[in-house]
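Comments concern the structure below.
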Amino acid sequence: MSEKYEGVKFRTVFKSKDIPVDLRLETLKMWAKKFDEYRLAPPYDGGSAGNLSYRVNSDSNKFIITGSRIGLKCSLQDDCFVMVENCDFSNGIVYASGVREPSSEAMLHFAIYDKRKDVQAIFHGHSQEILDAAKTLKLPATSEFYPYGTKELLQSVILILEKHSVIIMKDHGFIALGASMGEAGKLSLQLIDRFQNE
């Protein structure tokens, strides 16, 4: 990850300190491990560059996401995850439940869930090889680089969101959007196969 991680860029308001309880957390942990295995979430000092989430209910924008400064190669416990309940974009506030801050891209995940009711899981990773191959693979991409966790990055993604299932964030990383965690995960791994076969 070329951009130095400096923590989240929003304020977290905790509605409760309850750790998420959901059987699907085991699936999210499995995909977190795979992201580390396939180097889609490169480690940095204190964590991994990437975040994964899934929508809690199809009729709401609430989602469970990896917490900030989580090392995906570690044996993740349930308290490594956070339930995001709402976002106040104008004031930069994320309302959450859990014992740690949600990932730095929590507001981006919320905005995507809000715009795309068909999306049930969002996996965001980093791979220089995928970025280098993005044009050849004809993947939709944001037009400019914006730092992680910023409103500008969020807006640039929403601008090209449409019905795409994979989006490249210029000089940053990728997001895979699925109707399930399995679909988002497979789309992510397929990116590796595609650039390797180019």
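See the values below:
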quantity: Only one of Leu40, Leu131, Leu52, Leu137 that is free of Cβ contacts under 8 Å to residues at least 60 places away in the same chain, farther than 16 Å from Phe14 by Cβ and aliphatic (A, V, I, L, M); calculated: Leu131
quantity: Elements of type helices (runs of 4 or more DSSP H) contained in region 118-198, each with 3 or more residues being surrounded by 14 or more Cβ atoms within 10 Å (Cβ to Cβ) and touching a strand residue (DSSP E or B) at 6+ places or on another chain (Cβ under 7 Å); calculated: 181-196
quantity: Residue within region 86-106 that is within 19 Å of Leu161 (Cα to Cα), acidic (Asp, Glu) and touching a His at 6+ places or on another chain (Cβ under 8 Å) present; calculated: yes
quantity: Filtered residue count, region 40-62, keeping only those that are over 17 Å from Ala121 (Cβ atoms), within 15 Å of the chain's Cα centre (by Cα) and in a loop (DSSP other than H, G, I, E, B); calculated: 2
quantity: Positions within region 99-117 being buried (at least 19 other Cβ atoms within 10 Å of the Cβ) and of a type in the set (Asp, Glu), in sequence order; calculated: Glu101, Glu105
quantity: Sole residue being out of contact with any helix residue (DSSP H, G or I) (no Cβ under 6 Å at 6 or more places or on another chain) and surrounded by 15 or more Cβ atoms within 10 Å (Cβ to Cβ), chosen from Asn61, Asn51, Asn91, Asn57; calculated: Asn51
quantity: Pick from region 1-32, criterion aliphatic (A, V, I, L, M) and closer than 30 Å to Asp132 by Cβ, ranking: surrounded by the most Cβ atoms within 10 Å (Cβ to Cβ); calculated: Ala32
quantity: Qualifying position, being of a type outside the set (Lys, Arg) and at positive phi, among Gly149, Gly125; calculated: Gly149
quantity: Residues satisfying the stated conditions in region 1-39, i.e. part of a loop (DSSP other than H, G, I, E, B) and over 18 Å from Lys62 (Cα atoms); calculated: Met1, Ser2, Glu3, Lys4, Tyr5, Glu6, Gly7, Val8, Lys9, Tyr38, Arg39
quantity: Hits in region 63-113 (condition: in a helix (DSSP H, G or I), more than 22 Å from Leu154 (Cα to Cα) and without any contact (Cβ under 8 Å) to a residue 60 or more places away in the chain); calculated: Asp78, Cys80
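Rundown of residues vs (1) closer than 30 Å to Lys17 by Cβ; (2) modelled with pLDDT of 95 or more; (3) acidic (Asp, Glu), yes/no style:
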residue	(1), (2), (3)
Val82	yes, yes, no
His109	yes, yes, no
Tyr148	yes, no, no
Gln155	no, yes, no
Ser180	yes, yes, no
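The values are calculated or read from the model by the stated rules, or taken from the named source; none is laboratory data. Computed from a prediction, not measured in an experiment: that's the story for all the values here. Backbone-built Cβ (ideal geometry, glycine too); neighbour counts: all protein chains shown.
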